[in-house]
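The values are calculated or read from the model by the stated rules, or taken from the named source; none is laboratory data. These numbers were taken from a predicted model, which means no experiment stands behind them. So basically every Cβ, Gly included, is an ideal-geometry build from the backbone, and we count neighbours across all protein chains shown.
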């Protein structure tokens, strides 16, 4: 299996621009998570889906952030408009039954976003 | 609210010098405590799950233990390839994992 695939790996944009991050989870996994990682705050959960349905989006910072999962093999995280404080590494992770009780999330390699 | 605190934030060891990493947590109804390893430029990689106080798990030079308030990751005779950031996470009443900020381990040859 190819693992969780994220694109782009690196994105540099200017403040006010729209940013779209993409994720392909591992086939057969029914949970998908979006995390954001910064030095100051560590790994923060933004939103997670179960069977393509958003379950908890309480970690989404504000209305500028939105996430969709149109099917079991694709998810997007969109920021519009982007701001410099959004600069971070965004990770997508997938699991089966949230790892059941194992908590084994499979992470992608991340998308490093820099907003100038 | 579930919380995880890891200490120290960074640790530098000589090859062969054993040590322990600490993870303190507060959670409502612990379903599991998890350790992950993260290499630079990569996503976290799962290491262990611990479900109840007194449980221990081992993998090569790593051993994880759990009490009701904290977990320890013991590193025995570390090698330079053990250098990484080690993350602790807890799962409470929902499906989401709450992570600590991590502990950067450097093992010098």
Note to self: Residues to consider are B:61, B:12; find the one that is over 19 Å from residue A:36 (Cβ atoms) and in contact with a helix residue (DSSP H, G or I) (Cβ under 8 Å, 6 or more places away or on another chain).
What the structure shows: B:61
Check: Are any residues in the range B:12-60 under 13 Å from the mean Cα position of the chain (by Cα) and away from every other protein chain (no Cβ under 14 Å), and if so, which ones?
Finding: B:19, B:20, B:21, B:22, B:24, B:56, B:58
Notebook entry, point to check: Can you spot a residue in the range A:49-63 that is touching a helix residue (DSSP H, G or I) at 6+ places or on another chain (Cβ under 9 Å) and modelled with pLDDT under 95?
Noted result: yes
Checklist line | Search result, residues across the range A:2-34 that are within 30 Å of residue B:9 (Cβ to Cβ) and without any contact (Cβ under 8 Å) to a residue 60 or more places away in the chain | finding: A:34
Note to self: Yes or no: the range A:100-113 includes at least one residue that is more than 10 Å from chain B (Cβ to nearest Cβ), surrounded by 15 or more Cβ atoms within 10 Å (Cβ to Cβ) and more than 11 Å from the chain's Cα centre (by Cα).
What the structure shows: yes
Next item on the list: For residue B:1, indicate whether it is over 23 Å from residue A:110 (Cα atoms), modelled with pLDDT under 95 and over 15 Å from the mean Cα position of the chain (by Cα).
Entry: yes
Check: What is the residue count in the range B:61-90 for residues that are more than 14 Å from chain A (Cβ to nearest Cβ) and on the phi < 0 side of the Ramachandran plot?
Finding: 19
Next item on the list: Could you list, in sequence order, all residues of the range A:21-45 that are more than 10 Å from chain B (Cβ to nearest Cβ) and closer than 26 Å to residue B:103 by Cβ?
Entry: A:34, A:36
